[in-house]
1. HN-Hα J couplings of the range 75-81 from phi, Karplus 6.51/-1.76/1.60, θ = phi - 60°, integer Hz, Gly and Pro as x?
2. What value, in deg cm²/dmol to 500, does the helix sum -39500 (n - 2.57) over DSSP H runs of n ≥ 4 give at 222 nm once divided by the residues of the chain?
3. So, with +1 on the Cβ of K and R and -1 on the Cβ of D and E, and no other charges, what is the size of the charge dipole of the range 68-181 about its Cα centre, to the nearest 20 debye?
4. Could you check how much of the accessible area of the range 1-81 is carbon and sulfur, as a whole percent, using a 1.4 Å probe?
5. What ranking of Lys42, Lys124 comes out by heavy-atom accessible area, probe 1.4 Å, highest first?
6. I need the helices of the chain that pass two filters: whole DSSP H segments spanning 15 Å or more by Cα along the axis, and mean Kyte-Doolittle score no lower than 0.0.
7. In this model, which of Lys8/Lys42; Lys8/Lys179; Lys105/Lys179; Lys122/Lys179; Lys8/Lys122 are farther than 19 Å apart at the alpha-carbon?
8. Given [x] 18.8, 65; [y] 17.5, 58; [z] 18.4, 52 as candidate values of Rg and Dmax of the Cα atoms in Å, which corresponds to the one derived from the coordinates?
Amino acid sequence: MGGKKLAKWVLDAGHGGSDSGAVGKYGRREADIVLEAVYETKRLLERNGEVVLLTRASDVYLDVKDRVDIANNWNADYFVSFHMNSFVDNSVSGTEIVIFEKGNKSEELARFLKDELLANLKSKDRGIKEASYTILRQTKMPAVIIEAEFISNEDVEKNFSAIKYGYMVARACLAMVNKVLIDIPIKKPKTPTREGWRICIGYYRDYEEAEDEVIRLQNEGFKDVYVVPYPEDN
C-alpha cells in the first residue's frame, strides 16, 4: 500500500531552565508560554499523522548547538522555534517570522505561519525577516523562528493564550504539507450516576481562561476535567 510520506517536525520551545526569556510586567515567562504551545502543536500534528520531536519537554536549559544537533541528527524535515517578542516600549505589538534567507521552503513555511497567526491574533504584520542566527544557519532543513506578539505589551501578556498559539502553528504546519487540521472536540463528561468527590482547581471570572486551564490539564493527562458554573455572592 502506498501513502503520503509523513513529515518529521522538530518543535523548539525557546529558552528554558535558567533562561526564562522575556518576562512580562505581571510575571508571565516566555519560556513557559512557548513550552505549553509546543505541546499543543505536537498533539495536533501527531493526531493528524505527522511525526514530532521536541527539543525540550520540560523547563530545562539547552544551548543553541544542542537544539541544532537534535534536529540534524534526527534528519528532521522542518524546524520550528517558538518565541515571544519583547521591547522597552510596552505599546509595541505585532508578529514576525525570522528565517535565514528568502527564496526557499523556509520562506514558504514562514508565509503559512505568518498568515495563520495574523488572521487569528488580529496582530500587526511585522513581516518575514532574514537573520544569520546559528539556529537558522546551521540546521539542515527548512527552519523558522516565530516571534508571536510582544509579551512586554500588557494587553498581550494578560490575554495571550499559549494553547491558541500552538493551535495556529499546527494549522500552518499542516497547510505546508497539504493537510487540513482535524481535531476531535473535547467530550463533556456524562452526569455521574452515583455520588463522588470533586477536586477544585480554581475560580475564574473569565470563561475562556477556565476553558484554557481545562485544555492544559487534559493535555497533561487529567481527562475528567471540566468547567462548572459557580454562582457569585450578591
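1. Each residue of the range 75-81 in turn: 6, 5, 8, 9, 10, 10, 9 Hz.
2. On the way: 7 runs with 83 residues, N = 234.
The per-residue figure over the chain is -11000 deg cm²/dmol.
3. Details: 14 positive and 16 negative charges, 66 e Å.
The dipole of the range 68-181 has a size of about 320 debye.
4. Working: 1970 of 3710 Å².
Heavy-atom surface of the range 1-81 belonging to carbon and sulfur, 1.4 Å probe: 53 percent.
5. Details: Lys42 55, Lys124 125 Å².
Output order, biggest surface exposure first: Lys124, Lys42.
6. On the way: long enough: 30-47 (26 Å, -0.25); 105-121 (24 Å, -0.31); 162-176 (21 Å, 0.97); 207-219 (18 Å, -1.23).
Going by DSSP H runs, the hits are 162-176.
7. On the way: Lys8/Lys42 11 Å; Lys8/Lys179 14 Å; Lys105/Lys179 16 Å; Lys122/Lys179 24 Å; Lys8/Lys122 29 Å.
With Cα atoms farther than 19 Å apart: Lys122/Lys179; Lys8/Lys122.
8. Correct label is [x].
The values are calculated or read from the model by the stated rules, or taken from the named source; none is laboratory data. Everything numeric here is computed off the predicted structure, so don't read it as measured data. When we count neighbours, we look across all protein chains shown, and the Cβ atoms used for this are built from the backbone with ideal geometry, even at glycine. SASA here: full protein model, heavy atoms, side chains in, ligands and nucleic acids out. Shrake-Rupley method; radii C 1.70, N 1.55, O 1.52, S 1.80 Å.
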